[in-house]
Structure formats: structure tokens, C-alpha cells
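**Student:** Here you go, one structure.
Bear in mind these aren't lab numbers, they're just calculated from the coordinates by the rules spelled out. Given the structure is predicted, the values throughout are model-derived calculations rather than measurements. Counting neighbours? That spans all protein chains shown, and the Cβs are built from the backbone with ideal geometry, glycine included.
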Amino acid sequence: MSFSDRNGALCAEEVPLEEIARRFGTPCYVYSRAAIESAYREFVAALDGRDALVCYSVKANSNLAVLALLARLGAGFDIVSGGELARVMAAGGEASKTLFSGVGKTAAEIELALKSGIGCLNVESPAELERIAGIAARLGRRAPIALRVNPEIDARTHPYISTGLRESKFGVPHAAAKGLYLAAARMPELELVGIGCHIGSLLVEPGPFVAAATRMAELVDNLAAAGVRLRHIDVGGGIGIRYKADDPAAPIGAFVRDTLAALGNRPERLIVDPGRSIVGNAGVLLTRVEYVKPGAARNFLVVDAAMNDLIRPPLYGAWHEVRPVRQSDAPSAVYDVVGPVCESADFLAKDRALAAKAGDLLAILSAGAYGMVMSSNYNSRPRAAEVLVHGRHADLVRRRESLAELFAGEQIPG
């Protein structure tokens, strides 16, 4: 396992987390290269024999070292901003294997994408389609596009991360998709290359995922009958991970196999856009206990990580397992694990039975996705360091911010 006990101490691969804390301080994100590689290769193995591309969802974890690792493995990328495109290119990724999603692409972002040779712009509205056509005409280029179609399928997950319902801001309504494709086919500045969808995150069973893919394939057939032929079907991502030991499994292989079975021997390339399922369980947030604070109603472990480092618990009510890095000689009690940020919402975990004292290290598990990427400088707190472990080696892949960097871009007018 990528994170396991060795000689009484929790380790990342073969490196004790205590050693990482000594070298790089806390709070600190720690990622396992082996875990990332293993999850990616599970997708590749499940897609073996099919014309397919795994496009890693950059928003899950955009550290350059993570992107470079996946690029070397052959991954494409799914992005949602010009900044993410710049990251992909800086990490050695290929623009031609990159999909640009998102409902609010600016003119500057579209121009950057076209000049970079983007593989596909995923269009989410008629207004965006017109904007892309205009920019492509001005640049003298044909813009490769796909419509992100809202299949109106309930992913049955948290409402903040359900993206395939009728009331969602994402995508083109299914009923309007054919008409918009036919309109796009008449625009010489556009090259229609595919179709895509994404119904939400933290999916734990393949049914809704497969239903959405099937609906996309039916639309592809209807378009072909009308003379519009597409080259790829992008079925999205959103496959969940286990945050708790008793969470239902969401096996990558089952999602892919069931989707392949539903699509049959179609000629279109299959694209999948995993993010969390590749990096989520490959990372931990390492933090140190500053104070033990008993209370009349609740007991608190006050740690040096906070909601600005990991926003998922206060934002989504998300659950992350908390483990001591080494067994403590402190008595066990039920604690809320909280940070120093001046908000009652600043908690990383609630009602956890833990034995810990000031100075002990804790690991917040399954923090490789939507951790560092969603962090902030709230309360003027420097963002954490990031470390990538490979076997016995631990490399600093993002240094901790300094206090001076917090306001380096500010100035006081005279």
C-alpha cells in the first residue's frame, strides 16, 4: 500500500511521514507516485484493445510534478481555464491531447487554446459557440469543438457536485443539442470532432455513468443520420474513491467495462476524464497538533492545518479519515480536529476517537484531490508545501509560501 505502517510509523511508500515533517515542515501535502501510476494504469488496462484516451482532470490536482508524471505515462488532459492549459504545457503535456471544458471561457482563453493547438473545445452554450467561431475566423483557423451535452441523468451524489441535471449550469440541454450541432456544421470556422458529458462526481456505481454514455451514443447516431459525423465520445469522469473503509467500492474497471459493453463496437474514440480516482487516495495532508483543548461540550485537537488548506470538510461536509502518524502515549478521547482559522467552520474532522497530544503528527487521508488546488491564503496563511514520494525518495515539488510572498503583489498608493 502507498500509505501504511512500517515499524510503528505511518509511511508514504518507504518514507516515514515523520521524516517528511522534519524536512519540509507542516502542514504539508504528501503524494505517492506509485499510487498515481497504479490508478492511471488501471484505466489504461481496462481500455486495452479500444481506441481510447485517458484525459486527466487537471482541476483535481494541478501540481506540475503530478501533471508531468501523467504526461510521461501518455495521458491527455481535461482543463477548465487558461491557467490550467499553461500548467499542462509547462509540465510537458500536449495541447493536441487536451480538452478545454468550462462554461465561462474568455476570449483570451479561447485564443490561447487555438494558438496552442488545443485538441478540442467543449462548448457549453450557443453564445460560446458564436464566440469561438468569431475568434477562429479572426485567427484564420478552424476550431475543433464538441458540445458538452447535459444528459439530464441524476448522478445521485452531493448537490454541489451533480452536474448532469436539468437545473445545472453546465452543458447544452439534450433536447437542444442536435439543432446546435446542425447549426455548427454550417460554420466553416468550426470542426466538429466529438461530443461529451459529465454527470457529477463521487459516483460509486456505474449505472448512471453508463446511462449517460448510452444517451450520448444515441445522439451520435441521430447526428450521423443527419449528415454530422463525430470522431469521439467523451463520457466524462467523476468516479468516486473510498474516503471511509466501509464506503462502497467504485472499481475503475467496472465503470470502464460496463461503458464499453454499452457502447459496443462503435468506431468513435472513447475518452474518459478521471481526476479524483487517479489522485484522491494518492495523497495525505500532514499536520501537527498544536494544542489539546478539552471543553464542556466538545474536545478539540487544534492543529496547524486549517480550512484554508483543506476546504472539503466545511464546504461539502466531507469526511476524511484521520490517523496518528505514530501511536501516542496520550489517553484516547473523542475530538473535533480543528485549525487556527478564525471561523467556526474551520474543522478538518468531527467526533473522532483519537489519542494525541501537542506535538504529535496526524495524517488526513485521501487528500490528494481537491486539497491543495482549493487552498487559499485566508487569514494571511501561507499555503502548504507539497512533496512527491517515489520509493525511498521524497522530493519537494512545491515549496511553502513565505510571509513576504503573501503581499508581494500589493502596493500602498502614495
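**Student:** Would you mind checking the pairs Lys105/Lys178; Lys59/Lys169; Lys105/Lys169; Lys293/Lys357 and listing those with alpha carbons more than 20 angstrom apart?
**Tutor:** Result: Lys105/Lys178 exceed 20 Å.
**Student:** Using only the alpha-carbon atoms, how far is helix 64-73 inclined from the longest principal axis of the chain? Give it as 0 to 90 degrees, nearest 10.
**Tutor:** Rounded to the nearest ten degrees, it is 50.
**Student:** Still on this structure, I have one more. Mind checking segment 216-292 for trypsin sites (Lys or Arg not before Pro) that DSSP puts in a loop (not H, G, I, E or B) and that have at most 11 other Cβ atoms within 10 Å?
**Tutor:** Lys244
**Student:** In whole Hz, with x marking every Gly and Pro, tabulate ³J(HN,Hα) for segment 89-98 from phi via Karplus 6.51 cos²θ - 1.76 cosθ + 1.60, θ = phi - 60°.
**Tutor:** Whole-Hz 3J(HN,Hα) from phi for segment 89-98: 5, 5, 8, x, x, 9, 4, 5, 10, 10.
**Student:** Also, quick follow-up: To the nearest 0.05, what FRET efficiency results for Ser344 and Ala225 with a Förster distance of 60 Å applied to their C-beta separation?
**Tutor:** Rounded to the nearest 0.05, the efficiency is 0.55.
**Student:** Given H placed on each backbone N at 1.01 Å, which residues far from Leu348 in sequence or on other chains put an amide H within less than 5 Å of it?
**Tutor:** Val337, Val338, Gly339
**Student:** Check which residues have an amide H placed less than 5 Å from Gly76's amide H, if you skip close sequence neighbours.
**Tutor:** Those lying under 5 Å, H to H, from Gly76 are Val54, Cys55, Tyr56.
**Student:** So what's segment 152-298 giving for Cα Rg divided by 2.2 N^0.38 Å, two decimals?
**Tutor:** It is 1.35.
**Student:** Run the helix sum for the chain: -39,500 (n - 2.57) per DSSP H stretch of 4+ residues, divided by residue count, reported at 222 nm to the nearest 500 deg cm²/dmol.
**Tutor:** Roughly -8500 deg cm²/dmol at 222 nm, from the helical runs in the chain.
**Student:** By a straight-distance test (C-alpha under 14 Å), which aspartates and glutamates pair with Lys244 as possible cross-link partners, with residues fewer than eight away in the same chain excluded?
**Tutor:** Glu321
**Student:** May I pose another question? Tell me the angle of helix 33-46 to the major Cα principal axis of the chain, expressed in degrees between 0 and 90 and rounded to the nearest ten.
**Tutor:** 30
**Student:** To continue, here is another question. Which trypsin sites (Lys or Arg not before Pro) in segment 2-111 pass both tests, a DSSP loop state and at most 15 other beta-carbon atoms within 10 Å?
**Tutor:** Answer by residue number: Arg50.
**Student:** Counting each pair of different Cα atoms once, what's the Kirkwood radius of segment 62-274 in Å, rounded to one decimal?
**Tutor:** 17.6
**Student:** Please list, in order along segment 116-130, the HN-Hα scalar couplings obtained from phi with the Karplus expression 6.51 cos²θ - 1.76 cosθ + 1.60 (θ = phi - 60°), rounded to whole Hz, x for Gly and Pro.
**Tutor:** Rounded to whole hertz, the list is 7, x, 4, x, 6, 9, 8, 8, 10, 6, x, 5, 5, 4, 5.
**Student:** Convert each backbone phi in segment 132-146 into a coupling constant with the Karplus relation 6.51 cos²θ - 1.76 cosθ + 1.60 (shift: θ = phi - 60°), then list the ³J(HN,Hα) values in order as whole Hz, x for Gly and Pro.
**Tutor:** 4, 4, x, 5, 4, 4, 5, 7, x, 10, 9, 8, x, 10, 9
**Student:** Provide, as a two-decimal number, the C-alpha radius of gyration of the chain over 2.2 N^0.38 Å, N being how many residues it has.
**Tutor:** Normalised Cα radius of gyration, the chain: 1.04.
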